[in-house]
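The values are calculated or read from the model by the stated rules, or taken from the named source; none is laboratory data. A quick note: this is a predicted structure, and the numbers were derived from the prediction, not measured. When we count neighbours, we look across all protein chains shown, and the Cβ atoms used for this are built from the backbone with ideal geometry, even at glycine. Surface accessibility is based on the protein's heavy atoms, side chains included, excluding ligands, DNA and RNA. Shrake-Rupley method; radii C 1.70, N 1.55, O 1.52, S 1.80 Å.
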Amino acid sequence: MVVLIQTAILAILALGRVALTQDGVLCDTAQNSSCVLSISPLEQPFPYYFPVKSSAETSRLFPMSKCGSITLEEATMGQLQEAMSSGFLTSVDLLKCYLRRIRQVDDYINSIIELNPDALDIAMALDAERKAGNVRGPLHGIPYIVKDNIATKDQMETTAGSWMLLGSVVPRDAHVVAKLRQAGALLLGKATMSEWADMRSNNYSEGYSARGGQARSPYNLTLNPGGSSSGSAAAVAANVVAFALGTETDGSVINPAERNAIVGIKPTVGLTSRAGVIPESIHQDTIGTFGRTVRDAAYAFDAIYGIDERDNYTLAQEGKTPKGGYIQYLSGKSSLKNATFGIPWNSFWVHADEEQLSVLLSLVSLIESQGARIVNGTELPNYQTIVSPDGWSWDYGTTRGSPNESEYTVVKVDFYNNIKSYLSELSNTNIRSLEDIIAYNYANDGTEGGNPWPLGIPAFYSGQDGFLASLESAGIMDSTYFQALSFCQRSTREDGIDAALANNGNPLDALLVPPDVGQTYQIAAQAGYPMITLPAGIHSETGMPFGLALMGSAWSEGVLLRWASAIEDLQLSGETEYKRTLPKWYRYREKNVPVRNL
């Protein structure tokens, strides 16, 4: 009978909503959040991590246990710091709790490509510092991950998701990683990503890499999770880590952030150093941050921006950044009464689907009710030329018959040259050029998909056509290249975003745009200008999120943070549904590759 009772108890516990208290009493965690697990792991291992079928397509599918006495799910960095300062939590505790969360959910979403074997030692050292009275700042002891194209000089790999760079040795930490170490952040691991940050193929499964497999959004595991910083965004959305770093050439921070209902900050090109990051285009690459709140994403951003002698683009920020950092710009909803926002309707909004328009316009009305001035029709003057009417297209210039007006013309040349420079600093590898990369993919077609499907693999349906296009350019910066660079920058800057913000002599604080419309972040990417996206709603049929984004001019991060935090405060302090909601894990057992691009 005792055996039968124990078996029954363990079966109930496996449902993931019941725990045993210290006196052996069963406690329903769904009804009592103070339940504390106290089964001896030596005698009765606890089968907690099996999702209950009856909870499918609800946020209860993967209930997150407490971290000591702290509710970890959706906890902000400020709350975590308060818990550690009060002695209720240590960095070691926090690390272990996030590792349990990874064990619970990451077989489903595959957001982590590799865990840091040094993480426990780092956590212990940071706890010792705290105990000695040395707290480095708001990131002290907070676990985070970085995209697998951001170099870490430790026991982890930096591969951009490709097997060919396995075992290669980087010369040093990426500048942004070095700054986060100085800030006391705890590097938990590397995130999965779209292989080579989407450069290799033009028809592919977003979020897939040969080494990392398919990253998936916890909102719907069968759909495009957003890329190429797919794992970074999915991990933050699923409460696997507190914050993460991503990289963007064209949409790779904003897109996964809005498709995972989190905040994404994509800074001006040159505000965050690209040194030590596997490159794509020197003119468009930037490093951004992900958080579940504006403040959390801003804390991370505040730690990584700055001048770096290894990236001369960062010299341009001299005199354009605030003394004391960007956190000082964060505000509340009351500040909205001083804001003036533009709606570039024909430029971008007309391309949003009907459900998004309904939700986003309701949110805009809510912003207006706080005293903000909303000006419709603040178009990019040349939108009919530069904005693709058929969705995101980074070779839209060539599509309309003008390769000397195409972003892709620039990126293809840049990649050929930039990747050679990056590879030249690696040791312990034979991969030294784009030619080597292409040859490796052909030689390992069964895993790396060098050839188009069906000769290669379905995840890289078009094979490595992006690499081949870059190879064809041979990195030659000819007149077509310089014309394309000049056109893309001028048409999206002075003649584009800046002109819209100027609003014919009636200046705007920012442009409000629907970031699920890929043309928004494409124009900002070509300009090298910043964007911040906020969670706004969920598609009723697919469960996939969409956002509301703020677009500004160069070096306007402080302004964008002020208004983004004010809008977020409005979202979170009211009864509105237009805000971040927890994932419902649609189709959590399905593992289709490629994911569907809906």
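Details
- From the list Asp509, Asp414, the one residue that fits, being open to solvent by 10 Å² or more (accessible area, probe 1.4 Å), of a type in the set (Asp, Glu) and not assigned by the TED database to the domain that holds Ala275, is Asp509.
- Qualifying residue in the range 550-573 (condition: open to solvent by less than 10 Å² (accessible area, probe 1.4 Å), outside any helix (DSSP H, G or I) and among the aliphatic types (A, V, I, L, M)): yes
- Any hit, the range 376-383, residues being of a type in the set (A, V, I, L, M) and without any contact (Cβ under 8 Å) to a residue 40 or more places away in the chain: no
- Put simply, of Thr314, Thr321, Thr340, Thr268 the only residue that is under 30 Å from Ala238 (Cα atoms), in contact with a helix residue (DSSP H, G or I) (Cβ under 9 Å, 6 or more places away or on another chain) and in contact (Cβ under 8 Å) with a residue 40 or more places away in the chain is Thr268.
- Residues (open to solvent by 40 Å² or more (accessible area, probe 1.4 Å), within 15 Å of Ile497 (Cβ to Cβ) and part of a loop (DSSP other than H, G, I, E, B)) located in the range 380-390: Pro381
- Of all positions in the range 266-276, at least one carries a residue that is open to solvent by less than 10 Å² (accessible area, probe 1.4 Å), outside any loop (DSSP other than H, G, I, E, B) and closer than 25 Å to Leu330 by Cβ.
- Residues that are at pLDDT 75 or above and either open to solvent by less than 50 Å² (accessible area, probe 1.4 Å) or not in a loop (DSSP other than H, G, I, E, B) (or both) within the range 43-58 comprise Pro51, Val52, Lys53, Ser54, Ser55, Ala56, Thr58, listed in sequence order.
- All positions within the range 349-372 that are under 25 Å from Ala298 (Cβ atoms) and in contact (Cβ under 8 Å) with a residue 24 or more places away in the chain: Val359, Leu360, Leu363, Val364, Leu366, Ile367, Gln370, Gly371, Ala372
- Lone unmet requirement of (1) open to solvent by less than 20 Å² (accessible area, probe 1.4 Å); (2) in contact with an Asp or Glu (Cβ under 8 Å, 6 or more places away or on another chain) for Leu72: (2)
- If you check Asn116, Asn110, Asn149 for being assigned by the TED database to the domain that holds Gly227 and open to solvent by 30 Å² or more (accessible area, probe 1.4 Å), only one passes: Asn110.
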